[in-house]
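All of the numbers you see were taken from the coordinates with simple rules; none came from a lab. For clarity, every value in this text was computed on a predicted model and none was experimentally measured. When we count neighbours, we look across all protein chains shown, and the Cβ atoms used for this are built from the backbone with ideal geometry, even at glycine.
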Amino acid sequence: MRTILPDLSSEITVKTSRSGGKGGQHVNKVSTKVELAFDLTNTQLLSEEQKALLLVRLSGKLTKEGILLIVSQSERTQLGNKRVAMTKLIELLEKNLIVEKKRKPTKVPKSVIEKRLIAKKRRGEIKKFRREL
């Protein structure tokens, strides 16, 4: 996977807690749920333009303080959940940092216009001959 982001691990806060789900009695004893917190407003890894873009695009996923929270509790191990949460975070940031190019409207080529007109004429001729019968 090609990444356009620098190393995020220095600015991520990891918090663990007990999670529900599969695991039986093991779940009640071990903290496998992982919450990653990435402070989008105070990060030094992104430029101001990138921060502004992410703040707009991810506004529904941010806390009031501008912190992006990613939670994972799908795996049975803490390490597995950390891996899943980091992957989610990186994919979310990369997907929302892509700036799409503005579409340039183009003219319809003359040959396409002529082809359409010829087809319309031909169709009209067919209908004209039907009327004469």
Label-point separation (nm) for GLU132 and ILE90, each offset 7 Å from Cα along Cα-to-Cβ? 7.2
With an 8 Å cut-off on Cα pairs and a minimum separation of 6 or more residues, tell me the relative contact order of the chain in percent. 22
If the cut-off is 27 Å between C-alpha atoms, which lysines fall inside it for LYS110, apart from same-chain ones fewer than 8 positions away? LYS101, LYS102, LYS120, LYS121, LYS127, LYS128
How much length would be gained if the chain were fully extended between ASP39 and ARG83, taking 0.36 nm per residue of separation minus their Cα-Cα distance, in nm to one decimal? 14.0 nm
Computed from these coordinates, which is P(r) over Cα pairs in 5 Å bins from 0, in percent: (i) 2, 11, 21, 21, 18, 14, 9, 4, 1, 0; (ii) 2, 11, 19, 24, 22, 14, 6, 2, 1, 0; (iii) 2, 9, 13, 13, 11, 8, 6, 5, 4, 4, 4, 5, 5, 5, 4, 2, 1, 0? (iii)
Mind pulling the angle between the C-alpha long axis of helix 110-132 and the longest principal axis of the chain? Nearest 10 degrees, somewhere in 0 to 90. 50
For the chain, which span is the longest to avoid every loop-located (per DSSP) member of GluC sites (Glu not before Pro) having at most 13 other Cβ atoms inside 10 Å? 1-64
Rounding to the nearest 20 debye, state how big the charge dipole of the range 9-97 is about its Cα centre with +1 on each Lys and Arg Cβ and -1 on each Asp and Glu Cβ. 580
So what's the net charge close to LEU54: Lys and Arg +1, Asp and Glu -1, counting the other residues with Cβ under 14 Å from its Cβ? -2
